[in-house]
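The values are calculated or read from the model by the stated rules, or taken from the named source; none is laboratory data. Keep in mind that this is a model prediction, so the values were computed, not measured. Every residue, glycine as well, gets a Cβ built from its backbone with ideal geometry; the counts of neighbours run over all protein chains shown. Please note that ligands, DNA and RNA were not included when accessible areas were found on the heavy atoms of the full protein model with its side chains. Shrake-Rupley method; radii C 1.70, N 1.55, O 1.52, S 1.80 Å.
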Amino acid sequence: MQMGLDFNLVEDLVAGVDEVGRGPLCGPVVTAAVILDPLRPIEGLNDSKKLSEARREALYEEICEKALAWCIARADVPEIDELNILHATMLAMKRAVEGLSVTPRLALIDGNRCPQLSVPSAPVVQGDAQVPAIAAASILAKVSRDREMCALDLCYPGYGLSAHKGYPTPSHLEALQRLGPSIIHRRSFAPVRVLLEQVSIVASASRGDVLPV
């Protein structure tokens with residue numbers, strides 16, 4: 001049985017913030033910010049990784065319906081490659097909090113650091129397993145990104161995105177070797193960067209370019 005967090009822990013105007021997608025080789029990093037309504041309980045909130053896909057989907061709809069405010073934001077692949085994944089994640093979290101229709105008095109951030117926000121904030125290590133609002137944010141971010149990766153699977157077939165959601169599984173790495181990186185792959189991530197370097201070396205050799213020694 002999948003147990004949920006105690007909804008009595010919900011505080012007025014406290015936003016929970018979480019991210020999904022720091023580890024994948026492709027696609028955006030997606031964040032969410034949620035301010036729960038203490039008067040509208042949601043049963044079963046928990047870290048999205050501890051919930052089944054069906055339960056996450058059901059909770060997604062309930063959170064969107066019952067939360068006082070929520071916002072899903074992102075940082076795209078070019079931003080990840082330009083800023084690095086940490087700073088891109090912080091940017092996406094800032095966008096999520098700033099996109100809330102209600103200003104929180106406090107933002108609780110899953111993890112050990114906070115983005116620069118215009119409202120007070122505090123990090124909570126493993127907050128998605130302790131704070132209902134962060135758990136709700138983790139569910140919105142997870143479901144939203146999973147849906148997007150399934151849609152991208154139709155646009156970029158052969159990589160198996162709907163199955164692994166862009167994470168570096170053996171099947172994904174094999175597909176990368178076979179097909180090469182797509183436009184949605186993160187050039188700054190080692191498996192993609194190394195593959196592109198290998199392709200560049202082979203291309204240079206085929207043109208007869210002088211390779212560095």
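Summary of computed values
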item: Length-normalised contact order of the chain in % [C-alpha pairs under 8 Å, at least 6 apart]; result: 27
item: Accessible surface, per residue, of the chain when the full set of protein chains is kept, probe 1.4 Å, Å²; result: 50
item: Local electrostatic count at Leu91 - Lys and Arg +1, Asp and Glu -1, tallied over other residues with Cβ under 12 Å; result: -2
item: Relative contact order [Cα under 8 Å, 6+ residues apart], the stretch 1-71, whole percent; result: 36
item: Folded to 0 to 90 degrees: helix 53-66 orientation relative to the chain principal axis, Cα; result: 50
item: Of all accessible heavy-atom area on the chain, the percent that carbon and sulfur account for (1.4 Å); result: 57
item: Cα-based helix-to-principal-axis angle, 190-207 vs the chain, degrees rounded to 10; result: 20
item: Pairs of lysine residues in the chain - Cα separation under 16 Å, sequence separation of 8 or more or cross-chain; result: 4
item: Karplus 3J(HN,Hα) series, Hz, for the stretch 24-35 with 6.51 cos²θ - 1.76 cosθ + 1.60 (x for Gly, Pro); result: x, 8, 8, x, x, 9, 10, 10, 9, 10, 9, 10
item: Using θ = phi - 60° and Karplus 6.51 cos²θ - 1.76 cosθ + 1.60, couplings along the stretch 112-127 (whole Hz; Gly, Pro as x); result: 10, 8, 10, x, 6, 10, 8, 10, x, 9, 8, x, 9, 5, 6, x
item: Semi-axes of the equivalent ellipsoid for the chain, Cα gyration tensor, largest first, Å; result: 37, 19, 12
item: Most mobile of Val119, Val192, Val97 in a GNM of the chain (Cα contacts under 10 Å); result: Val119
item: Order of exposure, largest accessible area first, which applies to Glu65, Glu11 with probe 1.4 Å; result: Glu65, Glu11
item: Helix-only CD estimate at 222 nm, as mean residue ellipticity for the chain, using -39500 (n - 2.57) per DSSP H run (n ≥ 4); result: -13500 deg cm²/dmol
item: Coarse-grained scattering of the stretch 78-150 at q = 0.11, 0.15 Å⁻¹, given as base-10 log I(q)/I(0) from a Debye sum over alpha-carbon atoms; result: -0.29, -0.54
item: Accessible-area ranking of Asp37, Asp6, largest first, probe 1.4 Å; result: Asp6, Asp37
item: Cα long-axis angle, helix 85-98 against the chain (0 to 90 degrees, to the nearest 10); result: 40
